[in-house]
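In what follows, a structure is listed as structure tokens, so that the remarks can point back to it.
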Amino acid sequence: MTAFALRGLLGRKLRTVLTALAIVLGVATVSGTYVLTDSINKAFHSIFYETRQGSDVVVSGKSAFDISGDSGVTAPSFREPLLQRVRSLRDVAEAQGSVNGEAHLIGKDGKAIVYGGAPNLGFSIANGASRFNPLVLVSGSWPKSDEVVIDKSTAGKEHFKLGQMIGVQAVGPVQRLRVSGFVKFGSVSTIGGATLSGFDLATAQRLFGKEGKLDEIAVAADQGVSDQALIKEIRTVLPADAQARTAQAQSREDSKETDSFISFLQKFLLGFGGVALFVGSFVIANSLSITIAQRTREFATLRTLGASRAQVLRSIILEAIVIGTTASVIGVFAGLALAKGLFSLFDAVGFTLPNNGLTLETRTVIVALLVGIVVTLLASLRPALRATRVPPIAAVREGATLPESRFARYRLPAAALLTALGFGGLLVGLFVPGLGTGQILLYMLGGALLVFFGVALLSVRLVGPFAWTLGWPATRIGGAAGALARDNSRRNPQRTASTASALMIGLALVTLVSILAAGIVSSFRGAVKDIWKNADYAITAQNNFNPIPIAASDAIAKTPGVVAVANVRAGEALAFGHKIATTAVDPPAGRMFNLDWKEGSASVLSTLGQDGAFVDKDYAKSHHLSLGSPVPLTFANGTKELFNVKGIFDPPTGGSPFGRVTISAAAWDRHVPDPENLYSFVLMRGGQTDANKMALDSTLKQFPNAKAATRQKFIDNQISGLSSILNILYVLLALSVVVSLFGIVNTLVLTVFERTREIGMLRAIGMTRRQVRRMIRHESVITALIGAAIGIVLGVILAALLIARVDFIVLSVPVVQLLVFAVAAILVGIIAAIFPARRASRLNVLEALQYE
């Protein structure tokens, strides 16, 4: 039976290849995800660990809690004299202090150089030849006073030359520095979209506003001194605002957020691989079912010759193992190409990631192979079991078909039960309180899988009316060929439903994503319009989300025509034992913002004073706060202060620029050493005019990383990042649509084999080759439209359930996008029909009439 199974595969090369393609794409997604994330992880770890090369211990500022990298606050700096005290210790061989921060290089167009969301890293280089310096000088020299070295990649992109004077902006206005050299970072081939700029210590301290301070001290021990012994000795001279870690521990601390991001990215991308494999399982099961139905007499003959049901089952399973293994091996290596494509995709949408070459781990190969083979086996079980039910007598029957399972009569109630259980799981995950994150994900994932299986089974009942309705245009356009196509779609509802279900899953997810995105955009637009009261312009960073120096808003306040500037600072603090998003505003905010006050009034914004605060409604409810309630805040530098609630507001659905707790900017600046603004809102005489905009732009030339925007432009800028994320999602979801496309191709090719005599008869009575192609094409489009119709409706239902649970999104159905998806389904149908239609039209009429 083994030889028989293998010969059968070789005899059906086209069908085998088409079936295998579905699993190849799914496995490639899994393999590509691991390759991508492993490559990123390796590059990041090279960066973090090479940064600490030569160091045994690192002294850094001590924060009261773990600070998020993009929170708006940083660990406190410490006073520079600590460096001399460390150097004077007995077991210290060498020590070097440094400062760092955000430093934007200014391009020839006068704008800050920003590549997507990548950081703009600035740091001091006290001694280029130092053992602590991870940079390699490519050309030029290490920086002296008022000089800068920049990374080779940025220099090449921006055509910078050695000796050229360029602008650099840190915490103050742009300063002009001379380019002394180009550098690269250790062994890493690319650091992604990040820019590097290095300065001598005094220049860096001036740029970052840290004169007389340091952020870190790198320490090397004398020979024979252990890291722990060195740390113990260093701690004897450390002030309260500093701490000491081993270089390895500091590297792990530095990479903590990156590791979390990579872990999230890996799970995120693996989810799309799972979707592709899930869709592929439908394609495999459907392809094998059709193939087995066409081989009824073949299996019956085997039974007649003495083959047992177990031998037939093993034969089909062996075929599945061979297909799954071969496809999985190809998929593993196709994943390398996919990983390279994903790097390019992230680069195209502005998320350029570090890369030090593709990394293929043993774990990747094992997991990808296991997943591909197991999915193929599971998908083949039902068709294999059906094959065992072929009776020997079928060998002598003309047109014998597979017998129905004894459980067939339970298919409809089972499908309804699966669907109901699926939606029940979703509702539990979304609305039952007290569940942990793992439980919520389990209920939602399990519920979604059951829903897709249930709807796929239920769709058998929908094929007839859907094919009749959606096939009506085909009868008008295609004439007799169109009418035959509609009838063919209804002839075998099980097959049509199974083929359409693969496309249904992909389009349901695409619809879900598009509705969520439309809801987020609609909610955000509504929130901005509700809150934005009298401001004429908003000042933000060039990339829309980075903080901007306070010096920029100070300069804006002196611009002719400016009546008031309201700043919003943002960061993190501890309150009631938990880290929360915290913001600060200054008095002019009372004139700019319109909030829905539940307690207090608009005057709260202007009268927070030294110890006032306002909170959002949900935070007040969860902590039982009311007017006058105390809120204890602990800041990153360890200082503590008690604030009193002066107001409670209800944020609009789309959110607000304010954190859980908001205090005055004056109080914030007492506790945050290097405060920055997230936004500044500007009120001007005359409102929004060309002259006012030109005045703001003129002032902001000193701060190229900042820009002025009207309310509409501010909204567009803020949601532009969402568009980039959506583009990534659509590309990833397109993989499942591509898999379903192969499913339609496969089904049509197999049905052409099945209907060879029928097509030959049609040709014999006068149907032209063009009409045959038209018939197959219309049948493909009808099948695709059935999948699209069910998928889009299901996607809308799933999105509505999710949005009902999420407070900050409103339901907004993007009708135009859904119509585009329907048109895309038609295109998928047309493309899928090209090869099968050509094959059908080229059948030799005489041979087709004799085909069995």
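The values are calculated or read from the model by the stated rules, or taken from the named source; none is laboratory data. For clarity, every value in this text was computed on a predicted model and none was experimentally measured. Cβ sites come from the backbone with ideal geometry, for glycine too, and all protein chains shown count toward neighbours. With ligands, DNA and RNA removed, areas are computed over all heavy atoms of the protein, side chains included. Shrake-Rupley method; radii C 1.70, N 1.55, O 1.52, S 1.80 Å.
Yes/no matrix, rows are residues, columns are (1) touching a residue at least 60 places away in the same chain (Cβ under 8 Å); (2) assigned to a helix (DSSP H, G or I):
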position	(1), (2)
L801	yes, yes
I809	yes, no
V823	no, yes
L827	no, yes
A832	yes, yes
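Of all residues in segment 37-78, which are surrounded by fewer than 19 Cβ atoms within 10 Å (Cβ to Cβ) and more than 34 Å from the chain's Cα centre (by Cα)? Result: G54, single match.
Considered as a group, the residues in segment 222-248 that are at pLDDT below 90 and of a type in the set (A, V, I, L, M) include one that is surrounded by the most Cβ atoms within 10 Å (Cβ to Cβ), and that residue is A247.
Only residues that are open to solvent by 20 Å² or more (accessible area, probe 1.4 Å) and either in contact with a His (Cβ under 6 Å, 6 or more places away or on another chain) or not polar (S, T, N, Q) (or both) were counted in segment 79-121, giving 22. Mind checking whether some residue in segment 638-654 is under 14 Å from I531 (Cβ atoms) and among the acidic types (D, E)? For segment 638-654, residues under 14 Å from I531 (Cβ atoms) and among the acidic types (D, E): present.
Count of segment 487-509 residues, restricted to those that are assigned to a helix (DSSP H, G or I) and surrounded by fewer than 24 Cβ atoms within 10 Å (Cβ to Cβ), is 7.
The condition (being over 12 Å from T583 (Cβ atoms) and surrounded by 14 or more Cβ atoms within 10 Å (Cβ to Cβ)) is satisfied by just one residue among V615, V672, V645: V645. For segment 197-209, the candidate set comprises residues that are outside any helix (DSSP H, G or I) and surrounded by 23 or more Cβ atoms within 10 Å (Cβ to Cβ); within that set, the residue that is farthest from the chain's Cα centre (by Cα) is F199.
Here the condition is being among the small types (G, A, S) and closer than 30 Å to V752 by Cα; of G471, G429, G422, it holds for G471 alone. Taking the stated definitions as given, is S145 touching a residue at least 24 places away in the same chain (Cβ under 8 Å), within 29 Å of A555 (Cβ to Cβ) and open to solvent by 50 Å² or more (accessible area, probe 1.4 Å)? Criteria met by S145. Before we move on, is L608 assigned to a loop (DSSP other than H, G, I, E, B), open to solvent by 10 Å² or more (accessible area, probe 1.4 Å), among the hydrophobic types (A, V, I, L, M, F, W, C) and in contact with a helix residue (DSSP H, G or I) (Cβ under 8 Å, 6 or more places away or on another chain)? Considered against the rule, which asks whether it is assigned to a loop (DSSP other than H, G, I, E, B), open to solvent by 10 Å² or more (accessible area, probe 1.4 Å), among the hydrophobic types (A, V, I, L, M, F, W, C) and in contact with a helix residue (DSSP H, G or I) (Cβ under 8 Å, 6 or more places away or on another chain), L608 comes out as no.
Among the residues of segment 620-640, those identified as closer than 16 Å to H671 by Cβ, touching a strand residue (DSSP E or B) at 6+ places or on another chain (Cβ under 6 Å) and surrounded by 14 or more Cβ atoms within 10 Å (Cβ to Cβ) are V631, L633, T634, F635. Screening V749, V738, V781, V772 for residues that are open to solvent by 50 Å² or more (accessible area, probe 1.4 Å), of a type in the set (V, I, T) and in contact (Cβ under 8 Å) with a residue 40 or more places away in the chain leaves exactly one candidate, V738. Picking from residues in segment 752-769 that are closer than 15 Å to P836 by Cβ and among the charged types (D, E, K, R), the one that is most open to solvent (accessible area, probe 1.4 Å) is R769.
Here V615 fulfils each of the conditions (1) farther than 16 Å from R660 by Cα; (2) touching a residue at least 12 places away in the same chain (Cβ under 8 Å); (3) in contact with a strand residue (DSSP E or B) (Cβ under 7 Å, 6 or more places away or on another chain) apart from (1).
Screening segment 648-741 for strands (runs of 3 or more DSSP E) wholly inside it with 1 or more residues that are touching a strand residue (DSSP E or B) at 6+ places or on another chain (Cβ under 9 Å) and within 28 Å of K111 (Cα to Cα) returns the ranges 676-684, 706-709.
Filtering segment 431-448 for residues that are under 20 Å from L801 (Cβ atoms), crowded, with 18+ Cβ neighbours inside 10 Å and touching a residue at least 24 places away in the same chain (Cβ under 8 Å) leaves a non-empty set. When segment 677-691 is filtered for residues that are over 36 Å from the mean Cα position of the chain (by Cα) and farther than 17 Å from R591 by Cβ, the ones remaining, listed by number, are T689, D690, A691. Taken over segment 174-195, the residue count meeting the criterion of being at pLDDT 90 or above and open to solvent by 10 Å² or more (accessible area, probe 1.4 Å) is 5. Flag not set for N534, criterion: over 25 Å from V279 (Cβ atoms), out of contact with any helix residue (DSSP H, G or I) (no Cβ under 7 Å at 6 or more places or on another chain), assigned to a loop (DSSP other than H, G, I, E, B) and open to solvent by 10 Å² or more (accessible area, probe 1.4 Å). Selection over segment 569-591 of residues that are out of contact with any Gly (no Cβ under 7 Å at 6 or more places or on another chain), modelled with pLDDT of 90 or more and either surrounded by fewer than 24 Cβ atoms within 10 Å (Cβ to Cβ) or assigned to a helix (DSSP H, G or I) (or both) gives a count of 10. For R386, state whether it is at pLDDT below 75, open to solvent by 30 Å² or more (accessible area, probe 1.4 Å) and either in a helix (DSSP H, G or I) or acidic (D, E) (or both). Spelling it out, R386 is indeed at pLDDT below 75, open to solvent by 30 Å² or more (accessible area, probe 1.4 Å) and either in a helix (DSSP H, G or I) or acidic (D, E) (or both).
Does at least one position in segment 214-228 carry a residue that is more than 30 Å from the chain's Cα centre (by Cα), hydrophobic (A, V, I, L, M, F, W, C) and not in a strand (DSSP E or B)? Yes, the conditions are met somewhere in segment 214-228.
Out of D618, D554, which single residue is part of a helix (DSSP H, G or I) and either small (G, A, S) or within 30 Å of F208 (Cα to Cα) (or both)?
Being part of a helix (DSSP H, G or I) and either small (G, A, S) or within 30 Å of F208 (Cα to Cα) (or both) holds for just one of D618, D554, which is D554.
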